[in-house]
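Written out below as structure tokens is the structure these notes cover.
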Amino acid sequence: MDQNQPDDNAAEGAEMATQLNHPIQTDSIENLEYDHSGEILGRCIDGAIRASQLAVLNLDLKLGHLHHDRLVHSLGRKAVSSLLGYKLSSAVGHLQSLRARIDDPSSKVLVTGDVNAGKSTFCNALLRRKILPENQQPCTSIFCEILNATENEGLEEVHAVRLKATYDRLNERTYDKYALTDLAEIVSDNKKYKQCKIYIADTRANSLSLLNSGVVPLTLVDTPGLNSHTAKTTAIFTKQEEVDMVIFVLSASNQFTISAKDFITLAAAEKACLFVVINRFDTIKNKVECKETILSQLRDLNPQIFDQSSEFVHFVSSHAISTEGHPYGGSGDGSAPSSGDIDGSIDNCHGNYREQSDYLDAVLDFERLEKSLRNFVVDKRMRSKLAPAKTYLQKVFNDINILATVNYEAALSESGEIMDQIIDIRSKLLRMHVEARNSYLEAESIVTRMRQDVYDYTKSTLTEDISGDDGIIGNVYIPYPGILGVFRYSESIKRAMLRRVTFSSVRDCEDYAFYKADEGVDMLKQLGRLHVGKKKDELVFSSKYMSYLMNGMLNRQVNVHTTLWDFIDWPVPFGKYLPVVRMALKIALKTAAAVGVGWIAFNTGATKSYVAEKLKLMRNIDVMENIFLGASITSLVMVFMSPRIPTIIRRRHSKKIADKLAEIDFVNDNAERISAGVHQVLRAQAYDVSLYQERKMNRLEEKERRRRSKKKPNDVASEYFRKIIEMSDKEMKILEELDLEVPTRS
Ligand SMILES: Nc1nc2c(ncn2[C@@H]2O[C@H](COP(=O)(O)OP(=O)(O)OP(=O)(O)O)[C@@H](O)[C@H]2O)c(=O)[nH]1
């Protein structure tokens with residue numbers, strides 16, 4: 001054992017603080033494939049680690065007046081994980097030391113207790129020599145280890161270890177050497193020394209000596225009395241693996257102090273063998289009442305010790321044991337002590353005994369205590385060695401079990417909460433899918449309805465306008481200027497008619513389309529508000545967009561040429577006989593031409609060839625006929641029909657325009673173009689509604705994905721902690737069934 005250990009351990013608190021930022025150590029719970037230990041261990045703090053239930057892995061934090069739980073809560077998960085990780089790895093280190101201790105035959109018995117309880121007197125009584133100073137004033141201020149002089153080449157001396165030195169018996173620079181008689185001075189001077197090693201020769205028989213049992217090299221340690229200054233150091237000292245047994249000395253006239261209670265709780269957690277010695281029992285008048293009071297306090301404090309009180313709790317009087325000039329004292333002869341040897345010794349002791357029998361009882365009580373001690377230190381040494389390991393392991397596994405259970409429950413409940421959220425999201429998504437489907441169908445129906453309406457309207461309006469009233473395109477008025485201005489009139493009428501149908505009527509239809517598109521957008525907005533919420537207000541009907549769509553296909557140039565016939569409105573009977581008239585006129589013209597040529601030839605003596613040439617001229621008679629016929633008839637008709645010319649021109653142009661527009665499929669083209677514009681505008685708006693719904697669903701799906709990825713580590717964690725619980729349960733069962741009551745005396 002490194003003699004510097006108490007100081008090293010005292011630095012534990014400071015080291016733990018520096019570990020706050022260190023990564024978690026998970027080695028202690030390796031083999032389980034889960035690397036979220038840091039995160040998860042931190043979470044257990046949510047249950048305040050059930051702090052008071054943890055024996056070894058309790059964080060034991062103190063910061064000013066801040067309460068432990070509040071302090072733990074004030075730390076982040078990672079910090080707490082680091083602390084726990086550190087605690088776990090130091091627990092593993094402690095277990096390894098315990099393992100090493102099992103192979104080490106030496107034993108250390110720590111004697112501690114309240115100030116002035118009689119610890120030094122008790123040690124002296126055990127040794128049957130007055131080695132340590134006894135005083136009514138607090139006098140022991142450093143740890144005094146009493147060892148067999150055989151470990152110091154048989155020499156009885158005191159090695160006072162200097163404050164910063166690490167004790168090495170073979171290196172005299174680490175200590176000052178004193179005689180046993182100087183002890184009183186050394187133990188009260190704690191400014192120069194931190195502890196002392198007291199080597200004494202115990203020549204009693206092995207069966208009587210504690211130090212020299214012949215089985216176990218034993219060290220007895222007298223400690224400074226417990227108070228707020230020394231409690232921490234003693235607690236740390238107690239945790240040393242070499243300390244197999246702790247004897248807590250309490251003055252019979254006192255109750256358990258707070259430091260006493262704290263210490264017993266700690267020592268019970270660390271060590272299997274904890275003796276409670278109620279000393280100075282001789283000073284108590286009502287011994288029965290005193291026993292009852294102290295035992296009942298002990299029952300509340302530690303039921304296990306109480307249950308085995310016949311072994312572990314002793315009411316004694318150290319003064320009953322003579323340490324001066326006793327026949328088996330320092331220069332003892334090795335003979336066995338017995339109550340039979342103490343007849344008449346009442347005069348040699350300092351106890352308050354009125355009767356010899358009281359004194360005898362006190363000696364017997366002390367002997368019983370010694371027997372129990374020897375039983376555990378010597379006879380059941382395997383128990384005293386294994387028991388601390390067993391106890392410690394039980395505490396560690398119990399702590400691990402508690403931590404794992406808290407984390408398991410936390411992981412399960414977090415998983416459950418996340419699952420509820422996922423179910424909620426899924427049902428919302430399902431509803432949204434149905435709504436999206438319905439709103440899509442509704443939007444489609446609005447778009448189709450509006451498109452069909454505009455198509456039908458455009459087609460009927462244009463057809464009607466082109467057909468006009470009585471075959472004349474209406475709403476076109478230009479004053480007729482008379483026969484002389486007929487051509488100008490005709491052109492103007494034609495342009496006006498064309499403009500009427502290809503511009504005004506089309507514009508009417510387009511206006512209707514805008515109106516219907518507006519109405520459709522309103523309907524889609526309503527739909528959006530219903531299914532998407534307020535955001536649908538962002539949908540704005542863009543008439544510019546619609547104009548742009550329509551302009552792309554706007555009226556093609558329509559050309560209608562004017563001819564002479566446009567001015568004539570042939571009466572039906574005239575038209576019927578026109579071919580006969582034309583034939584008669586042709587014969588007459590040919591005959592007249594032949595007679596005329598014959599007459600010229602006869603009177604002028606023209607040659608045959610001349611006649612022949614003239615007759616050839618007659619071949620063009622058809623052309624002439626047409627010219628002549630057209631000119632004469634037109635003149636005739638125009639003169640004859642002059643008042644009806646405006647109507648004739650209108651009808652003729654209407655007919656020609658209608659024919660031309662039919663030829664280029666004007667009505668269908670425009671109906672298609674305008675309704676397609678409406679369709680595109682509404683489609684875009686309907687798409688917006690779908691898009692909003694889709695985005696909303698995407699956001700929800702993303703949320704679900706995030707929840708699922710958050711749930712995964714929880715599932716892994718709950719499985720991980722379930723295995724830890726199983727494993728720790730199994731280990732605790734094995735430990736519980738482990739029987740250490742095997743005698744080892746060889
Ligand atoms: N009557 C009586 N007095 C005792 C007994 N044991 C110890 N004393 C007295 O109690 C006083 C304190 O004894 P110590 O042995 O010095 O006590 P301690 O616990 O070692 O003291 P510190 O180490 O200073 O805390 C001394 O005066 C002892 O004589 C006992 O069994 N009976």
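Among the residues of the stretch 103-116, count how many are without any contact (Cβ under 8 Å) to a residue 24 or more places away in the chain and within 14 Å of the ligand (Cβ to nearest atom).
Total meeting the criteria: 0.
Do we find that LYS119 is within 16 Å of the ligand (Cβ to nearest atom), within 26 Å of SER317 (Cα to Cα) and more than 58 Å from the chain's Cα centre (by Cα) in this structure?
No, not satisfied.
Regarding the stretch 141-151, can at least one residue be identified that is in contact (Cβ under 8 Å) with a residue 24 or more places away in the chain, of a type outside the set (Asp, Glu) and within 7 Å of the ligand (Cβ to nearest atom)?
There is no residue in the stretch 141-151 that is in contact (Cβ under 8 Å) with a residue 24 or more places away in the chain, of a type outside the set (Asp, Glu) and within 7 Å of the ligand (Cβ to nearest atom).
Check off (1) touching a residue at least 24 places away in the same chain (Cβ under 8 Å); (2) over 29 Å from GLU370 (Cα atoms); (3) of a type in the set (A, V, I, L, M); (4) out of contact with any Asp or Glu (no Cβ under 9 Å at 6 or more places or on another chain) for LEU183 and give me the number that stays unchecked.
LEU183 satisfies every listed condition except (2).
Could you look through the stretch 187-200, keep only residues that are without any contact (Cβ under 8 Å) to a residue 60 or more places away in the chain and farther than 10 Å from CYS144 by Cα, and pick out the one that is surrounded by the fewest Cβ atoms within 10 Å (Cβ to Cβ)?
LYS191
In the stretch 53-100, what residues are among the charged types (D, E, K, R) and either in contact with a Leu (Cβ under 9 Å, 6 or more places away or on another chain) or modelled with pLDDT under 80 (or both)?
ASP60, LYS62, ASP69, ARG70, ARG77, LYS78, LYS87
Regarding ARG173, is this residue more than 16 Å from the ligand (Cβ to nearest atom), in contact (Cβ under 8 Å) with a residue 60 or more places away in the chain, part of a helix (DSSP H, G or I) and farther than 28 Å from SER251 by Cα?
no
Of all residues being part of a loop (DSSP other than H, G, I, E, B) and either surrounded by fewer than 20 Cβ atoms within 10 Å (Cβ to Cβ) or polar (S, T, N, Q) (or both) in the stretch 293-325, which is modelled with the lowest pLDDT? Just the residue, please.
Filtering the stretch 293-325 for residues that are part of a loop (DSSP other than H, G, I, E, B) and either surrounded by fewer than 20 Cβ atoms within 10 Å (Cβ to Cβ) or polar (S, T, N, Q) (or both), the one modelled with the lowest pLDDT comes out as GLY325.
State all residues of the stretch 195-216 that are modelled with pLDDT under 85 and not polar (S, T, N, Q); if no residue qualifies, say none.
Residues satisfying the conditions are ASP202, ARG204, ALA205, LEU208, LEU210, LEU211, GLY214, VAL215, VAL216.
Those residues that are in a helix (DSSP H, G or I) and either within 15 Å of the ligand (Cβ to nearest atom) or touching a residue at least 40 places away in the same chain (Cβ under 8 Å) (or both), I need them from the stretch 269-291; list them, please.
Those that are in a helix (DSSP H, G or I) and either within 15 Å of the ligand (Cβ to nearest atom) or touching a residue at least 40 places away in the same chain (Cβ under 8 Å) (or both): ALA269, GLU270, PHE281, ASP282, THR283, LYS287, CYS290.
The values are calculated or read from the model by the stated rules, or taken from the named source; none is laboratory data. The structure presented is a predicted model; accordingly, all values stated were derived computationally and were not measured. Neighbour counts run over all protein chains shown; Cβ positions are idealised from the backbone, glycine included.
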